[in-house]
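As structure tokens, the structure follows; a few thoughts come after it.
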Amino acid sequence: MRELDTTFQSKFDLGFSGFDGNAVLSGELYASEFGLPIELRAYSGIWLAFKRAIDLAGSLLMIAAGLIPGLLIAAAVALTSGGPVFYREERIGRGGRPFCIWKFRSMRNVRNASTGNLLQWRVNKKGRDPRITAVGGFLRRWSLDELPQVLNVLRGEMSLVGPRPVVAAEVPFYGHLQHLYLAAKPGLSGLWQVSGRSDVDFARRASLDAYYVRNWSLFSDLRILVRTVPAVLGRVGAR
């Protein structure tokens with residue numbers, strides 16, 4: 001774990017003092033505490049209202065279109081591996097508020113895996129994760145395991161476009177950029193997903209998330225959504 005921390009400290013300025021792990025876990029951390037520039041559109045009420053309206057319409061359409069494929073995927077997961085069909089995990093959302101994402105289960109439990117190994121598999125997407133099942137590998141290559149997160153979008157915990165949601169242990173790796181990650185709702189798709197996904201290291205991913213928040217607009221969201229289609233079909237950076 002110390003080796004992993006050292007690796008990321010060499011890439012990020014972790015001297016940013018605004019992060020409080022206990023506050024993140026308790027859901028009491030708010031982006032305003034980080035001195036977020038008020039001119040950022042991603043933090044502006046009127047723009048958030050527009051973005052929310054698009055999220056509601058898009059998530060309802062996706063739920064209707066994905067109902068039958070979702071049932072088939074659930075059956076495939078249930079028939080090919082033991083355990084529940086769905087996997088849920090706590091992630092950190094806008095303002096540091098924790099929430100649970102839902103995914104079709106694509107992994108098995110790996111015994112005797114250290115905390116350092118688990119975190120390494122999370123942030124180093126280029127490596128092979130031994131927890132992924134055969135069916136899970138197929139789902140991940142086509143991003144089908146993330147379909148249930150449309151419900152997170154409908155509930156307002158996520159957006160169609162935004163930074164990829166991270167666990168609490170990953171937030172400090174954003175270093176001085178973490179206040180920008182916390183300024184926006186995590187996204188079902190985002191600039192990282194259409195820029196190489198797992199082929200992009202964590203440092204570059206943090207930079208992409210920061211760029212997205214600083215330069216957010218409805219048009220940029222639309223462009224990312226359009227780019228998501230060929231990225232998924234081309235399985236760019238899928239693991």
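Laboratory data are not the source of any read-out in this text; all were calculated from the coordinates shown. Given the structure is predicted, the values throughout are model-derived calculations rather than measurements. Counting neighbours? That spans all protein chains shown, and the Cβs are built from the backbone with ideal geometry, glycine included.
Please arrange 174, 87, 212 by counting, for each residue, the other beta carbons lying within 10 Å of its beta carbon, fewest first. Spell out each step's value before the answer.
Details: 174 27, 87 17, 212 23.
Fewest to most other Cβ atoms nearby, the residues stand as 87, 212, 174.
Compute the FRET efficiency between residue 108 and residue 64 as 1/(1 + (r/R0)^6), taking r as their Cβ-Cβ distance and R0 = 30 Å, and round to the nearest 0.05.
Working: r = 32 Å, r/R0 = 1.05.
The formula returns an efficiency of 0.40 here.
Would you please give the residues with an amide H less than 5 Å from that of residue 160, counting only those at least 5 places away or on a separate chain, with H modeled from the backbone geometry?
Long-range HN contacts for residue 160: 188.
I want to check the label-to-label distance for residue 167 and residue 226. Put each point 7 Å from Cα in the C-beta direction and report it in nm to one decimal.
A separation of 3.7 nm, rounded to one decimal place.
For 205, 105, 52, which order do you get if you count the other beta carbons within 10 Å of each Cβ and list the fewest first?
Values: 205 26, 105 20, 52 14.
Fewest to most other Cβ atoms nearby, the residues stand as 52, 105, 205.
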